[in-house]
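Step one of this worksheet: look at the structure below.
Please treat every number below as a calculation from the coordinates, not as lab data. Since the model is a prediction, treat every value here as computed from it, not as a measurement. Cβ atoms come from the backbone with ideal geometry, glycine included; neighbour counts cover every protein chain shown.
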Amino acid sequence: MNEETEKKDVEIDQDLDQAVEDIMEEIEETEENIEELEVEIAEKQDKLHDEISQLKEEIIRMRAEADNVKKRNARELDNLRKFALDKFAKSLIPVADSMDKELEANAKDGITMTVEQMVEGTIMTQNVLLKVLKDNGIEVLNPEGEKFNPEFHEAMTQVPNPELEPNTIVDVFQKGYLLNGRLIRPAMVVVSK
């Protein structure tokens, strides 16, 4: 071999050694980067596991709270059903008291009541009852002389009456009632032909 070839072989060997050295450095750097990434990934995984645990606990608390709200609402609804008429019942007690007093007065020996006094007492009791109904949102339908309305009246019969327009209510068999504007019983009426 000649000197020039030997020189080139040495250069190639040096270049090759340098390339190997560079590659080794890159491998070391890559390994360091991989280790850093693995540490970073592990930290992020721990953080995610913590967040997942917190979210699971939060879901469990929310479910428990929802169950409690559901149970509380069921109790309140049950109480509403049980005591919905409480106010109305309390307001009817004076009517019952009034009727008791009237019957008591009739039952006592030595006390005589005239028919007028009994009627007056009954009218007073009816007035108390009508006030109680009105105060509790119950409206009495007594449609005599009004135009027949099938939404609020039930025609029991029709009678000829030349003095009135057809479909005018001539007589009321039974009064009707509205509760806060909603029909609870239609008025039973006689209607003109």
Inset, instruction - May I ask for log10 I(q)/I(0) of the range 1-56 at q = 0.17, 0.21, 0.24, 0.26 Å⁻¹, from a Debye sum over the Cα atoms as equal point scatterers with solvent left out? - result: -0.70, -0.81, -0.88, -0.92
Legend entry - Environment charge at K71 (Cβ cut-off 12 Å; Lys +1, Arg +1, Asp -1, Glu -1): -1
Legend entry - Pairwise label distance in nanometres, E120 with L48, each label 7 Å out on the Cα-Cβ vector: 9.2
Legend entry - Nonlocal amide H pairs with M113, under 5 Å, H built at 1.01 Å: none
Inset, instruction - Please report the base-10 log of the normalised intensity I(q)/I(0) for the range 61-164, using a Debye sum with one equal scatterer per alpha carbon and no solvent, at each q in 0.13, 0.21 (1/Å). - result: -0.82, -1.08
Legend entry - ³J(HN,Hα), Karplus 6.51/-1.76/1.60, whole Hz, each residue of the range 48-58, x for Gly, Pro: 5, 4, 4, 4, 4, 4, 4, 5, 4, 4, 5
Inset, instruction - Sort H49, H153 so the one with the fewest other Cβ atoms within 10 Å of its own Cβ comes first. - result: H49, H153
Legend entry - Bridge type composition, the chain - antiparallel percent by DSSP, nearest 5: 65
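Sort the range 85-136 into rounded, prolate or oblate with this rule: let a ≥ b ≥ c be the square roots of the eigenvalues of the Cα gyration tensor; rounded if a/c is under 1.5, and if a/c is not under 1.5, prolate when a/b is larger than b/c, oblate otherwise. Write down the numbers at each step before the final one.
Values: a/c = 6.44, a/b = 2.04, b/c = 3.16.
Since a/c reaches 1.5 but b/c is at least a/b, the shape of the range 85-136 is classed as oblate.
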Inset, instruction - Can you quote the Å³ per residue value for the convex hull of the Cα atoms in the range 116-165, rounded to an integer? - result: 132
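Calculate, in nm to one decimal, what L55 and E32 gain on full extension: separation in residues at 0.36 nm each, minus their alpha carbon distance.
On the way: separation 23, 0.36 × 23 = 8.28 nm, distance 3.43 nm.
Answer, rounded to one decimal: 4.9 nm.
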Legend entry - Cα-centred dipole magnitude for the range 35-108, charges only on beta-carbon of K, R (+1) and D, E (-1), debye, nearest 20: 1180
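Arranged from highest to lowest average of other beta-carbon atoms within 10 Å per residue, in what order do the peptides 66-79, 138-151 appear? Please report the intermediate quantities before stating the final value.
Details: 66-79: 10.1, 138-151: 13.8.
The densest-packed peptide leads the list: 138-151, 66-79.
Is there a quick way to get the dipole size of the range 4-51? I mean about its Cα centre, with the Cβ of Lys and Arg at +1 and of Asp and Glu at -1; what is the value in debye to the nearest 20? The partial results should precede the final answer.
Details: 4 positive and 23 negative charges, 34 e Å.
The calculation lands at about 160 debye.
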Legend entry - Kirkwood Rh and Cα Rg combined as Rg over Rh, evaluated for the chain: 1.77
Legend entry - Area projected by the alpha carbon convex hull of the range 137-193, averaged over all directions, nm²: 3.3
Legend entry - Under-5 Å amide H pairs with D171, H placed in peptide plane, nonlocal only: V190
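Among the DSSP beta bridges whose two residues both lie in the range 137-193, what percent are antiparallel, rounded to the nearest 5? Walk me through the numbers before you get to the answer.
On the way: 12 of 18 bridges.
Once the DSSP bridges in the range 137-193 are tallied, antiparallel ones form about 65 percent.
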